[in-house]
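The structure appears below as structure tokens.
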Amino acid sequence: MRLADRLTDQSWQTLTQLYQPIIGPGAAGLYSALFWLPERDTYKRHATLLGLLGMDLAHFYEARLRLEAAGLLTTKVKTADDLTSFVYELRTPLLPADFFRDDLLSVQLLGVVGEEFYRSLVTHNTQPATDSADERDITKNFLDVFHVDGQELNQLPATITATRDTLPADAGAPALHEASQDDFDFKLLGDILEHSFIDTRALRSHRQLLLTEHATYGMDEVTMARYVGEATDLATNQFDAEQFKRLIAQSFGQQSRVRPTVSEASPSAAKLAQASTGPAASSAEQALIKVARATAPALFLQGIKQKRGGYVTDGEQRIVRDLVSRQLFPDAVVNVLIYHLLVDEERPTLNKALMDTIANDWSVKKVTSPELAIQAVRERQQAQKQPRRSRSRQPTVKETLPDWAKKPAAAQATTTQAKLTTDQQKQLQERIAKLQERTAEGKEE
């Protein structure tokens, strides 16, 4: 049995309050027993282990499966000389905030403890303790008590740097030192920060934020390290994520003159509507794809705005950062979407509602490349050209007139007169004559 990570008091509290309702007291007890097992680095027979734990094999196996499912235990097996050996490796419980962000764990815990108690667990495990109204914090920090030369912090003495190279690797090393599959080199960033006063462990939970800022602004490792340093309190060694984002956004917004991202050779003046409708991309589209692949979204947006004499607003920065952080599309697809809204549709600024609408549509259509994005733009333009049917227009109902209604008025009069008797016709003529005489007398008067 061995440990994969270090356990703290917070780890044991999280195990008891958050994990135990899910895995049960038996699995939690097995975790504790394995941790406190004497001489855990040496192999032991399962019979000895079961005797120490006070468990039978069936309950041990069930508890082991629950620990494995919850991510608290890794089991490895190897066979040598017909002898099968198991290696149990304990994993550190997640931090409370990460636990509640995990869909499987949080849903399972909610089902066990109910909504009211779940909310109280979230509050208790994630909210900092509030001081009483009559309490005043007078705790001194390191710099209040000790004098430290700032120059020595920026450039550590050779003795310190030399001896650090001989230190054993830390089993709990931060994720910043792990190789990244992205083009951003986290190991290089970690190496840069190691030679400063910044504790890289404080950045372990902000890995995704660093990736988002890198992808949005095209920021290299050296520049990223500088912003991390500016957003870290020297006295408390606490990294402020919101301050980090504000610093980058302010710096980007204040750039009055930068190298144009969209060059004169780029298709900023060409419309996708005028591009080829065939399967092969036009020269304008090829140029757009080339620039979109090579440029970070914020810089791409800035290039278009500068070419038109405008500037990137704070709201547009947030819109682009939000879309990039969702990791729905490659950066090149985000750039094509920006180009379509600002150049194709000649909009002065990005509209979040419209951008989200198109992004949702592209996500459903599995748009994963700038070529597919351009094709989706073509389809959208074709749909906009189609006449829309009015939903309020009622269908026209044609009715056939009866034969009597189709006859002319004279024919109808003749038919009506034919139905009168001779006496009735004579009386009608006399009434008409009298009416005409009265009308004539009235005119003479």
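The values are calculated or read from the model by the stated rules, or taken from the named source; none is laboratory data. Remember, it's a predicted structure, so these values are computed and weren't measured experimentally. Positions of Cβ are generated from backbone atoms using ideal geometry, with glycine treated the same way; all protein chains shown enter the neighbour counts. The protein model used for the area step is the full one, side chains on, heavy atoms only, and it has no ligands, DNA or RNA in it. Shrake-Rupley method; radii C 1.70, N 1.55, O 1.52, S 1.80 Å.
Annotations
- When residues of the stretch 191-213 are limited to those that are assigned to a helix (DSSP H, G or I) and either at pLDDT 80 or above or aromatic (Phe, Trp, Tyr) (or both), the one nearest to Phe252 (Cα to Cα): Glu213
- Test: residue in the stretch 272-286 that is surrounded by fewer than 17 Cβ atoms within 10 Å (Cβ to Cβ), β-branched (Val, Ile, Thr), at pLDDT below 90 and within 20 Å of Pro370 (Cβ to Cβ): yes
- Residue within the stretch 177-184 that is out of contact with any Phe, Trp or Tyr (no Cβ under 7 Å at 6 or more places or on another chain), surrounded by 10 or more Cβ atoms within 10 Å (Cβ to Cβ) and at pLDDT 70 or above present: yes
- Condition check for Lys365: within 16 Å of Gln317 (Cβ to Cβ), modelled with pLDDT under 90 and in contact with a helix residue (DSSP H, G or I) (Cβ under 7 Å, 6 or more places away or on another chain): no
- Subset of the stretch 219-237 [within 18 Å of Ala296 (Cα to Cα), outside any loop (DSSP other than H, G, I, E, B) and free of Cβ contacts under 8 Å to residues at least 12 places away in the same chain]: Thr223
- Residue match in the stretch 31-45 (condition: modelled with pLDDT of 80 or more, open to solvent by less than 70 Å² (accessible area, probe 1.4 Å) and outside any helix (DSSP H, G or I)): no
- Number of the exception - Gly309 against (1) in a helix (DSSP H, G or I); (2) loosely packed, with under 15 Cβ neighbours inside 10 Å; (3) among the small types (Gly, Ala, Ser): (1)
- Within the stretch 78-104, the set of residues being touching a strand residue (DSSP E or B) at 6+ places or on another chain (Cβ under 8 Å) and either open to solvent by less than 30 Å² (accessible area, probe 1.4 Å) or closer than 28 Å to Asn125 by Cα (or both) comprises Ser85, Val87, Tyr88, Glu89, Leu90, Arg91.
- Single residue of the stretch 344-356 satisfying the filter (farther than 21 Å from Phe252 by Cβ and hydrophobic (A, V, I, L, M, F, W, C)) that is surrounded by the most Cβ atoms within 10 Å (Cβ to Cβ): Leu354
Every residue, every condition in (1) open to solvent by 100 Å² or more (accessible area, probe 1.4 Å); (2) modelled with pLDDT of 55 or more; (3) touching a Lys or Arg at 6+ places or on another chain (Cβ under 9 Å); (4) of a type outside the set (Ser, Thr, Tyr), yes or no:
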| residue | (1), (2), (3), (4) |
| --- | --- |
| Ser369 | no, yes, no, no |
| Ala383 | no, yes, no, yes |
| Gln386 | yes, yes, no, yes |
| Ala411 | no, no, no, yes |
| Thr416 | no, no, no, no |
| Thr422 | yes, yes, no, no |
| Lys426 | yes, yes, no, yes |
| Gln429 | yes, yes, no, yes |
| Leu435 | yes, yes, no, yes |
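- Taking the conditions (1) polar (S, T, N, Q); (2) under 24 Å from Lys307 (Cβ atoms); (3) at pLDDT below 70 in turn, Thr216 satisfies each one other than (3).
- Any hit, the stretch 212-224, residues being under 24 Å from Arg318 (Cβ atoms), open to solvent by 60 Å² or more (accessible area, probe 1.4 Å) and under 26 Å from the mean Cα position of the chain (by Cα): yes
- Among residues of the stretch 53-79 that are within 19 Å of Ile22 (Cα to Cα), those with a Cβ under 7 angstrom from a residue that is open to solvent by less than 90 Å² (accessible area, probe 1.4 Å) and among the aromatic types (Phe, Trp, Tyr), sequence gap 6+ or separate chain, pair up as Leu67/Tyr31; Ala70/Tyr19; Leu72/Tyr19; Leu72/Tyr31; Leu73/Tyr88.
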